[in-house]
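FYI, it's all coordinate maths here, none of it is from the lab. Only a predicted model underlies this, so the values are computations on that prediction, with no experimental measurement involved. Here the Cβ positions follow ideal geometry from the backbone for every residue, glycine too, while neighbour counts run over all protein chains shown.
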Amino acid sequence: MPDTTILASTPAEDLVATSLRQAQPCLWTNPARLAPPPVALSAMGRSISLDDTKAAAARLKRFEGLLAEVFTELAATGGVVESPLLPAAALQPALGLHADQGRLFIKADHSLPVAGSIKARGGMHEVLEFAEGLALQHGLVQPGGDYRALATPAAREVLGRYQVAVGSTGNLGMSIGVVASALGFKAAVHMSADAKEWKKERLRQRGVQVVEHAGDYERAVAAGRAQASGDPLCHFVDDEQSFSLLLGYSAAALHLQTQLAEQGIAVDAEHPLIVYLPCGVGGAPAGIAFGLRQLLGPHVHCFFAEPVQSPCFMVQMLAGQGGGDAHPSVYDWGLTNQTEADGLAVPRASLLAAELMAPLLSGVFTVADDTLFIHLVQVLDALGERIEPSAAAGFSGPGMLTGTEAGRTWLHSSGVGAVLAQATHLVWTTGGLLVPDVQYQGFVQRGRALLAEQA
């Protein structure tokens, strides 16, 4: 078994390690976080900055006309794929977040159109970047031209010679498959055995090839990557290593900045912003955290949320805060990687995401599956919003900070505790729009049963 010794461990990290092995909810806070973020960060041999985030946002804008044409659900927004920022004061009592501990909001990516999850952001961006490169190469559009030209039969015939492939437990596959097929690409999604059947069926209905693999997410990605490597006309979207995905996610920060201003929410030393992001392999939350830290600065605090049996990012950060050659798996810690939060069932974190987050992330916490279902029902009852279990992971965040010794220690040491009453807590939900009613009602029944047990 690989060595799971924590590098330069502290008593606090030893307590976290014990809780991790016992699959108990816990909070790890990052001692390497830099308050003013570096202007540029390097990972896997490449440097990125806020300029790269702005370039990703500009690419998405160039495609708005085409997206409005190929997706009827985007006609009303002119091809803009975005989600609302929802005030959630009605939910605070259920979470134990008192009025003098800040205000709660939800960034509602569970309602993102087209793909129905946060994966619409990064997945759409990478497919569009690939399409843009081919379109310019083949003269289908000119720089600065109208990208709606890619909806013509001639353009679709050219794009149809190429395949876009991805390995996924579900939501990223939905995003890549739906967008790629809509643009005329052949699309293949390599899915693990634990992926939800309804997601596989929805992809098939869109004409996407679903390739099923025995084993977990990691094996599905490896199989897809190996198959694509032998085909020069296949572009493999690599969730573990893709800068394009990560920067597509990061573009969300620009829109959120506008939404915060529209609602009169300041982000400064007196008004910190605390963001809670569900985490699987790490690409989506790392992209968003990167964008937020680069754009809004030192008073944004990002925390990742993971299932107790699949805490791959916390395991990675404990192994060296993203540095060195250590790349542990949750299996190395005696964990099962089994969770109802299928999008978060990942055994090993993205090294790209971990390396970028080393100076930016405030912490990682874990949550039990039962808690996911309880929060899912509480969100429904308080706000009428439908989320899937993995999207509920972030709602444990405020309680982790205010109701645990580790959280209170962080609030004091970071200075956030002194201004907590003026803080904004932002839970980023990640999926739920496309969950079939039968499955969703099953989630609700389980959550209500668990709440009844607590009563």
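With distances taken between every two different alpha-carbon atoms, the chain has a Kirkwood hydrodynamic radius of 22.0 Å. Note on segment 119-244: Cα Rg divided by 2.2 N^0.38 Å, N the number of residues, gives 1.03.
Between the alpha-carbon centres of segment 413-455 and segment 165-204 there is a gap of 26 Å.
Each label point was placed 7 Å from the Cα along the Cα-to-Cβ direction; for A261 and A99 their separation is 3.0 nm. Extent of segment 1-139 along its three principal axes (Cα atoms, max minus min coordinate, largest first): 60, 45, 35 Å.
Computed over segment 375-444, the quotient of the alpha carbon radius of gyration and 2.2 N^0.38 Å is 1.37.
When both segment 279-337 and segment 48-87 are represented by their alpha-carbon centers, they are found 26 Å apart. Its Cα gyration tensor gives segment 216-313 an equivalent ellipsoid; the semi-axes, largest first and in whole Å, are 33, 17, 8.
Descending by average beta-carbon neighbour count within 10 Å, the peptides 131-142, 306-317 line up as 306-317, 131-142, the highest first. Basic side chains Lys and Arg get +1 at the Cβ, acidic Asp and Glu get -1 at the Cβ, and with that the dipole of segment 119-244 about its Cα centre reaches some 420 debye. Of all aspartates and glutamates in the structure, the ones whose alpha carbon falls short of 12 Å from that of K200, not counting any fewer than 8 places away in one chain, are E212.
The lysines within cross-link reach of K196, meaning a Cα-to-Cα straight distance under 25 Å and a gap of 8 or more places when in the same chain, are K107, K119, K186.
Rank by packing, highest mean first: peptides 172-182, 48-58, with packing defined as the count of other Cβ atoms within 10 Å averaged across residues. List each step's numbers first, then the result.
Working: 172-182: 28.3, 48-58: 18.0.
With the highest mean Cβ count within 10 Å placed first, the list reads 172-182, 48-58.
Calculated FRET efficiency, D231 to K61, Cβ-Cβ distance, R0 = 30 Å: about 0.45 to the nearest 0.05.
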